[in-house]
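Engineer: Quick one: the structure is below, questions incoming.
The values are calculated or read from the model by the stated rules, or taken from the named source; none is laboratory data. Since the model is a prediction, treat every value here as computed from it, not as a measurement. Virtual Cβ from ideal backbone geometry, glycine too; neighbours counted across all protein chains shown.
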Amino acid sequence: MSVTLDGLPASEGIAFGKVHLLNWAIPDVPHRTLPSGEVDAEIERFHRTRAEVKAHLERIQSEAADRLGDMEARIFDPQILMLDDAEVVDGTVQYIAENRLPASRAFHWRMLELQHLWRRTSNPMVLDRLNDLEDLQVRLLHRLLDLPDPQAWEDESTEPIIIVGRNLTPSLTVQMDPARVVGIATDQGTRTSHWAILARSLGIPAVVGLVHASRSVEEGQDAIVDGRVGRLIIDPEARDRDVFEDRRVRIQGWEEELAQIARLDPITLDGHPVALRANLDLPGESVRAREHGAEGVGLFRTEFLVVGRSSMPQEEEQYEAYRHVAETFPNRAVFIRTFDLGGDKFPMFLNMPAEENPFLGWRAIRVCLDRLELFRPQLRAILRATAHGDIRILLPLVNDVEEILRVRELLGEEEARLKDEGIPFASSYKLGILVETPAAALDAAELARHCDFFSIGTNDLVQYTLAVDRTNSRLAELYNPFHPAVVRQLHQVARVSHAAGIEVSVCGEMAANPLGTFLLVGLDIGALSVAWPALPEVKKVIRSFRVEDARAAARRALAASTSADVTRCLAEGLGNAVDLSAFSGRWSLSLP
Amino acid sequence: MNETPVQERRVRIANRMGMHARPAAAFVKLAGRFKSEIVLARDGLEVNGKSIMGVLMLAAEQGAELTIRGEGPDSEEALEALGDLVEDGFGEAGEEP
């Protein structure tokens with residue numbers, strides 16, 4: 001029986017091979033006390049071992065420079081510096097001298113202390129470096145304990161292998177020969193882990209965040225790593241292998257085609273246009289988004305200005321960021337979402353208290369309206385950006401008309417101040433809300449009277465409708481955007497918007513799922529916004545069906561009684577227009 | 001008796017990715033070339049500017065304000081070189097993530 005595990009894609013490509021479990025752990029460090037006469041010799045031994053490991057890492061670094069380039073090789077600089085670092089070396093020597101500890105024990109203690117200090121920050125940048133520290137510990141402790149240098153994986157056969165482990169390190173990854181190591185699958189790690197960057201440079205497909213992968217496989221089992229959808233298939237059956245071979249060939253063709261498609265219009269087979277926009281996390285992504293064919297920005301998340309910061313962002317910095325994006329998309333709509341804080345995003349300077357239920361707590365518009373010293377400069381910065389483009393202000397998590405009225409009032413005050421100060425802005429900007437709670441969806445008719453547009457945020461709408469925490473991996477199966485309750489709300493919001501004569505769009509991962517795209521266009525939602533790398537795929541989907549077929553399928557989906565029925569209606573309606581198995585959606589498509 | 005000159009310089013992190021591993025390593029390497037003691041401070045947290053462990057702990061992202069303090073015979077040159085390194089974005093201002 002084959003087993004399929006879903007994680008996150010970290011390096012693209014698809015591979016088949018034999019599982020090799022990664023054997024790379026910190027050894028047990030026994031406690032003992034040295035006779036006082038041996039202390040000096042032990043300190044000597046620590047320095048000698050340190051020098052050996054350093055020489056070894058420098059060799060790996062220079063190999064990396066030859067194979068991958070100087071920039072990639074510099075990933076090893078921090079690790080090498082750590083071996084000479086006063087914090088590491090002096091602390092260890094002190095423990096040897098004062099407590100008569102063996103070097104292994106003293107070093108291990110010192111590293112635990114430093115790791116503890118680091119863990120107090122929640123900055124992902126720092127947490128990623130813990131991985132480097134661990135790698136050092138594995139290397140140094142093996143030598144200090146007179147253990148043989150660890151072999152990360154047995155290297156006897158010549159068959160292609162897939163490395164499976166808890167996590168990887170840059171120094172292990174860089175030594176991989178892509179002709180032998182054809183794939184990587186790990187329990188932890190992120191797309192931005194240093195080793196994942198190296199895997200992409202080496203062209204080795206990788207999947208991260210699989211949680212239990214290393215405990216679910218056995219040495220020597222067959223496995224398929226699909227770095228495009230983020231999937232590991234253990235012990236694949238003959239049918240899985242046929243699909244794999246077929247998929248490998250098709251993915252090549254698909255990728256070549258996507259490069260062409262960015263230049264084409266997003267219209268259905270029968271000529272119905274769809275506005276296709278990009279979701280951005282950083283202003284610097286705007287140029288890439290435009291190159292990928294975005295006709296504007298449907299969701300510009302502004303949390304990058306606050307998360308991980310120790311002080312409030314200044315108006316000037318915000319204005320520059322918003323202006324940059326507006327100027328990248330002249331005459332195109334740019335939806336700037338005001339700070340969506342709380343939930344899973346906590347800035348340091350707000351001192352947000354821990355909440356029992358953060359997703360039902362003090363977040364998004366609620367925080368902004370409570371903390372005007374944060375909100376006013378953002379509104380001012382956005383108003384100033386209206387002088388440079390077609391800016392739409394998007395308010396997150398609005399449930400009540402009062403919230404919109406309060407923002408209009410604040411905007412009025414800031415407009416008056418700008419006018420007094422002679423600072424230019426365009427008063428023709430638009431203001432609207434993210435419909436992302438059942439309350440907003442059910443009350444859409446009232447809210448529409450005070451909005452210039454609606455944008456449906458499906459990620460949160462699904463979570464709040466189904467009472468399923470989207471960050472809880474145990475509930476991943478239940479987080480289903482094709483639940484009839486979600487589909488009906490989408491329909492309701494679309495209908496109300498059309499009656500009120502305001503634009504309705506969808507931003508959220510659902511819009512990047514081929515069945516989702518088909519359904520949303522079928523519900524006459526005229527604008528979709530997706531993560532910019534997904535734009536060509538979504539455009540290809542739009543160009544491959546007729547709007548009449550989408551409308552008919554959406555009508556059938558609205559009458560369906562289960563999520564599976566909804567998915568089936570859509571898959572049948574889409575028919576053979578799109579090859580769903582080649583698609584890189586974030587979650588499995590759960591096709592009938 | 002010679003008074004040890006103490007110098008201070010305030011800088012702002014310019015590169016988009018912040019003072020992550022590679023820039024931190026570049027900073028520590030450069031700081032190590034000077035005789036002076038180098039302290040790096042941010043919001044009350046002070047670390048040894050010649051220690052990679054310390055500098056990484058600051059987790060300084062783009063826009064963060066830092067104070068570099070040098071104490072020793074070559075502190076003036078040290079601050080000029082280190083401050084410029086930070087403000088020039090460690091030579092990677094336009095780097096993609």
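Engineer: Among the numbered criteria (1) away from chain A (no Cβ under 12 Å); (2) under 20 Å from B:Glu77 (Cα atoms), which single criterion is violated by B:Leu30?
Structural biologist: In the conditions (1) away from chain A (no Cβ under 12 Å); (2) under 20 Å from B:Glu77 (Cα atoms), B:Leu30 misses (1) alone.
Engineer: Next question. So which strands (runs of 3 or more DSSP E) stay within the stretch A:161-266 end to end and still have 1 or more residues that are among the basic types (Lys, Arg) and in contact (Cβ under 8 Å) with a residue 12 or more places away in the chain?
Structural biologist: Ranges flagged: A:231-234.
Engineer: Just checking, which of A:Leu405, A:Leu442 is modelled with pLDDT of 95 or more, closer than 18 Å to A:Ile525 by Cα, surrounded by fewer than 17 Cβ atoms within 10 Å (Cβ to Cβ) and over 25 Å from the mean Cα position of the chain (by Cα)?
Structural biologist: Details: A:Leu405 fails: closer than 18 Å to A:Ile525 by Cα.
Exactly one of A:Leu405, A:Leu442 is modelled with pLDDT of 95 or more, closer than 18 Å to A:Ile525 by Cα, surrounded by fewer than 17 Cβ atoms within 10 Å (Cβ to Cβ) and over 25 Å from the mean Cα position of the chain (by Cα), namely A:Leu442.
Engineer: Right, next: Identify, by number, the condition in (1) among the small types (Gly, Ala, Ser); (2) touching a Pro at 6+ places or on another chain (Cβ under 9 Å); (3) under 27 Å from A:Met82 (Cα atoms) that A:Ala179 doesn't meet.
Structural biologist: Going through (1) among the small types (Gly, Ala, Ser); (2) touching a Pro at 6+ places or on another chain (Cβ under 9 Å); (3) under 27 Å from A:Met82 (Cα atoms) one by one, A:Ala179 breaks only (3).
Engineer: Which of the residues spanning the stretch B:20-46 are free of Cβ contacts under 8 Å to residues at least 60 places away in the same chain, surrounded by 20 or more Cβ atoms within 10 Å (Cβ to Cβ) and hydrophobic (A, V, I, L, M, F, W, C)?
Structural biologist: Selection gives B:Ala21, B:Ala24, B:Ala25, B:Val28, B:Ala31, B:Phe34, B:Ile38, B:Leu40.
Engineer: Here's another thing I want to ask about it. Here are some conditions: (1) within 21 Å of the chain's Cα centre (by Cα); (2) more than 14 Å from chain B (Cβ to nearest Cβ); (3) surrounded by fewer than 24 Cβ atoms within 10 Å (Cβ to Cβ); (4) of a type outside the set (Gly, Ala, Ser). A:Pro236 meets all but one. Which one does it not meet?
Structural biologist: Condition not satisfied by A:Pro236: (1).
Engineer: The conditions are (1) within 11 Å of another protein chain (Cβ to nearest Cβ); (2) touching a Gly at 6+ places or on another chain (Cβ under 8 Å); (3) not in a helix (DSSP H, G or I), and B:Gly63 fails exactly one of them. Which is it?
Structural biologist: Condition not satisfied by B:Gly63: (2).
Engineer: List the helices (runs of 4 or more DSSP H) that sit entirely inside the stretch A:507-558 and contain at least 2 residues that are under 26 Å from the mean Cα position of the chain (by Cα).
Structural biologist: Filter on the stretch A:507-558 gives A:514-522, A:535-542.
Engineer: Still on this structure: Can you tell me which residues in the stretch A:355-372 are modelled with pLDDT under 85 and part of a loop (DSSP other than H, G, I, E, B)?
Structural biologist: From the stretch A:355-372, those modelled with pLDDT under 85 are A:355-359; that's our starting set.
Scanning the stretch A:355-372 gives A:Glu355, A:Glu356, A:Asn357.
Engineer: Something else about it: Here's a check for you: in the stretch A:68-114, which residue that is more than 10 Å from chain B (Cβ to nearest Cβ) and in a loop (DSSP other than H, G, I, E, B) is nearest to A:Ile26 (Cα to Cα)?
Structural biologist: A:Pro102
Engineer: Oh, and also: Just one of A:Val486, A:Val493 is farther than 30 Å from A:Arg376 by Cα and crowded, with 19+ Cβ neighbours inside 10 Å; which is it?
Structural biologist: A:Val486
Engineer: Among the listed residues A:Gln314, A:Gln221, A:Gln252, which satisfies the condition of being farther than 30 Å from A:Arg551 by Cα and within 14 Å of chain B (Cβ to nearest Cβ)? Full working, then the answer.
Structural biologist: On the way: A:Gln221 fails: within 14 Å of chain B (Cβ to nearest Cβ); A:Gln252 fails: within 14 Å of chain B (Cβ to nearest Cβ).
Just a single option satisfies the conditions, and that option is A:Gln314.
Engineer: Further question on the same structure: Quick check on B:Leu40: is it within 11 Å of another protein chain (Cβ to nearest Cβ) and either among the polar types (S, T, N, Q) or under 23 Å from A:Phe349 (Cβ atoms) (or both)?
Structural biologist: So B:Leu40 does not fit the description; no.
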